[in-house]
Amino acid sequence: MHDHTTLPSGTAAARPKLTDILNGGASTLRDAWADAHAATDFTPLPAGTYTARIIGGELTTAKTGTPGYKLTFRVLEGEHQGRQVWHDIWLTAAALPMAKRDLGKLGVTALEQLESPLPQGIRCSVKLALRKADDATTYNRVRGFDVLGIDHDPTADPDFAPASGAAAALVHFAAGLAPRSSAREAAAAASGGANPSGLTSAAAAAAGAAGVNPSAQHTIAAATLIDTTPPTRSALEAGR
């Protein structure tokens, strides 16, 4: 037999209090409430061209099951500094021409490279557009991007960095996935070999090891603002 408790007519059930749900932390929450600023509603960035850094690149799968590679850009300048936008590069037969175009700008010439992290500090010029979804929601879409250069990370620990300077990162990224012989050649070129293309030796080595034409435009190897710091011993040992 169940005991059914009936409230007196006109009596409302007791409403829970903050102390009931915060386990004694009500005063802390009140202090935090007083200091917090209301967040603004999320809105897409205005259409235009932004200087941004690639802070991530990873293999992904869309809800529809389509395989792709997602780039994350973080805006570096202006009133929208710190905001992030994403660019999906689809890995399907129909989309491969566009995928090779965009990935080639990052020095990616083989699908296996997508399993390795991109060099840190890749700075780009990103063209953003505004699009409207079927539900009338407005969102950003990356129309295209060009690599401007690679910024040196001032917070990197030189004792653990694979090599000093951004150019060395190019050698590691390209030579690390190239055949051993071309990796040795890349390291040798980075130590001061001939460079008929006029690029830094490390950048030219990275381009050669990755199979990228050193004279091609808009690739990391041909970036105009590449760090010219010579690689350390660890960079040379990478090609052994």
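Do the alpha carbons of any pairs in 100/127; 70/100; 70/127; 63/105 sit beyond 20 Å of each other, and which pairs? Spell out each step's value before the answer.
On the way: 100/127 18 Å; 70/100 14 Å; 70/127 16 Å; 63/105 27 Å.
With Cα atoms farther than 20 Å apart: 63/105.
Can you list residues whose amide H is under 5 Å from residue 144's amide H, if they're 5+ apart or on another chain and H is modeled 1.01 Å from N?
Counting only residues 5 or more places away or on other chains, the set is 127.
Based on the alpha carbon coordinates of region 1-121, what radius of gyration and maximum Cα-Cα distance (Dmax) apply, in Å?
25.9, 77
Please say if region 23-84 is rounded, prolate or oblate, where rounded means a/c under 1.5 for a ≥ b ≥ c the square roots of the C-alpha gyration tensor eigenvalues, and otherwise the choice is prolate for a/b larger than b/c and oblate otherwise?
Numbers: a/c = 2.94, a/b = 1.64, b/c = 1.79.
Taking the square roots of the gyration eigenvalues as a ≥ b ≥ c, region 23-84 is oblate.
Only the coordinates and a few stated rules stand behind these numbers; no lab work does. Only a predicted model underlies this, so the values are computations on that prediction, with no experimental measurement involved.
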